[in-house]
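Every number here is computed from the coordinates shown, using simple stated rules; none is lab data. Fair warning: this is a prediction, and the values are worked out from it, not measured in the lab.
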Amino acid sequence: MKKVEWTLRAKKEFDNTFNYWINHNKSDIYSQKLLDETLRKVNLIAENPLVGEVVFRNSRRVLVLENFSVVYRPTKNIIKINAFFDNRRDPKAL
C-alpha cells in the first residue's frame, strides 16, 4: 500500500463540499456518507494506484458517489491527491 498525500487545494475542496452538504441538508448524514465513501476510494487507490481512469497526462480519477471525483497522480513512492471535484461544476474550474 502506497502512502497518500492530499494537496492543500484538495483538502480545502473536500472540506468545502463536506460543509456545504451539512448546511444544505441541515444534517450530516449525507456528508458522513461522502466522507466514508471518499476514504474507501482513497484506500482503494493506495492499494491499486492504476485503478482510476486517466484524465490528463499522468493524472487519474475515481468517482465517489457518482457526483464527485478524486483526481490523483501516482508516483513511485506516493499517491498525490490533487483535487476533489463536484462533477456538476464547470469542468474549466478544475
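Here are the numbers for this structure:
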item	result
Folded to 0 to 90 degrees: helix 29-47 orientation relative to the chain principal axis, Cα	0
Kirkwood Rh in Å, taken over all unlike Cα pairs in segment 3-88	13.0
Between 0 and 90°, nearest 10: helix 8-25 axis offset from the chain longest Cα axis	30
